[in-house]
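Comments concern the structure below.
The values are calculated or read from the model by the stated rules, or taken from the named source; none is laboratory data. Computed from a prediction, not measured in an experiment: that's the story for all the values here. No Cβ is skipped: glycine too gets one built from the backbone with ideal geometry, and neighbour counts run over all protein chains shown. For accessibility, only protein heavy atoms count, side chains too; no ligands or nucleic acids. Shrake-Rupley method; radii C 1.70, N 1.55, O 1.52, S 1.80 Å.
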Amino acid sequence: MDFTDILTFDAARKTSDGFLIADVRAARTGIQIYRGVEVGRSDMDTVRVYRPEDEVFAKDALRTYAHRPVTVDHPGELVNPENWRDFAVGQTGDTIARDGEFVRVPMMLMDKAAIAAVEAGVNQINMGYAAELDWTDGETPSGEKYDAVQRNMRMNHLAIVAAARGGSKLKIGDDMEGQKMADKTRSIVVDSIPVEVPEQSAAIIEKALKDAATKVTDAEKRAADAEKTRDAEIAKRDAVIDDLKTKIVDDEALAAKVTARASLVDSARKVIPDFDPKTMTDAAIKRAVVVAKVGDEMKEKPDAYIDARFDMLVESAGDGGGSDPVRDGISSIPAKTGDPSSVAYDAMSARLRDAWKGQKGAH
């Protein structure tokens, strides 16, 4: 016959990786009360089952407490290799010991929801096991009457439940000792597993689960924000890299720039032999040469004008000159006075002389 008895966790603690471990009182001697339908006697409302010391602490019985799966509440069937993954949230250890009238068993919980349930107060233990019932009534050595004796107990699993059949001493954590079992219970769902718990514990568990869900949501939001920040930083860095790429000059382009610069300096020195470009830009070199040869009025001229005057100066220097051809051209116009042709010459001379100023109305 299959049975489920309940006890509790003692001195529960967390491992460094978050698992919950404890030594638990998992069974005890004495009389435990079952409903008649639980033990195949529907003709009886309750059945007082006696568990004598020599049966509870029998070596063959104690060995079966080791390496048993831990479940949340009792499954509808015994745990076996086919359904173990569906029900197990942890397992018992192998150092089984007697503790007065109790059997003490080490255990570990590895499932997050199960650990949360225990920390919220669902901390009592119920062993699921098979045993034989000897329907012989009698009295215990202390004078308690019983209807049957339980023999040849073989453990199948250890269940975490809200209220232990063996009493509140069969629990996780000695701080719960003496707690009065709640009259009302409520079914809640913990990680898709329905659990029947006292009304007060249900509120605690639901709050713990809600808080845990909030923490998960907050963590996911922080991770998403961090990812956005990282993406923005990557985009900024990529933009800097792209900008630097546009500024990198390859070997051929660099050689061309050096050649053009040397040619420009040579041209400037044709006009002014001792010209020193220092750190001037190309445009500054041309302007300096034109200003030196033509005069300070060239300082404010547009770049296009300076380019043209510079080229003319260089060309004139190449012909053995070096003077300003525009000024020379203007000064070579014959001076005539008095007659209309002289007036025309004077006007033309003025226009040529002032052409570089870009005056409006000069034709």
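Within segment 124-131, does at least one residue satisfy the condition of being under 21 Å from A212 (Cα atoms) and open to solvent by less than 10 Å² (accessible area, probe 1.4 Å)? No.
Count of segment 266-279 residues, restricted to those that are part of a helix (DSSP H, G or I) and either on the phi > 0 side of the Ramachandran plot or loosely packed, with under 15 Cβ neighbours inside 10 Å (or both), is 1. Could you tell me whether A97 is without any contact (Cβ under 8 Å) to a residue 12 or more places away in the chain and in contact with a helix residue (DSSP H, G or I) (Cβ under 9 Å, 6 or more places away or on another chain)? The answer is yes for A97.
Please work out if S16 is touching a helix residue (DSSP H, G or I) at 6+ places or on another chain (Cβ under 9 Å), of a type in the set (S, T, Y), open to solvent by 70 Å² or more (accessible area, probe 1.4 Å) and outside any strand (DSSP E or B). Against the criterion (touching a helix residue (DSSP H, G or I) at 6+ places or on another chain (Cβ under 9 Å), of a type in the set (S, T, Y), open to solvent by 70 Å² or more (accessible area, probe 1.4 Å) and outside any strand (DSSP E or B)), S16 does not qualify. R85 falls short on exactly one of the conditions (1) part of a loop (DSSP other than H, G, I, E, B); (2) without any contact (Cβ under 8 Å) to a residue 24 or more places away in the chain, and that condition is (1).
For segment 215-241, a tally of residues being of a type in the set (G, A, S) and within 11 Å of the chain's Cα centre (by Cα) returns 4.
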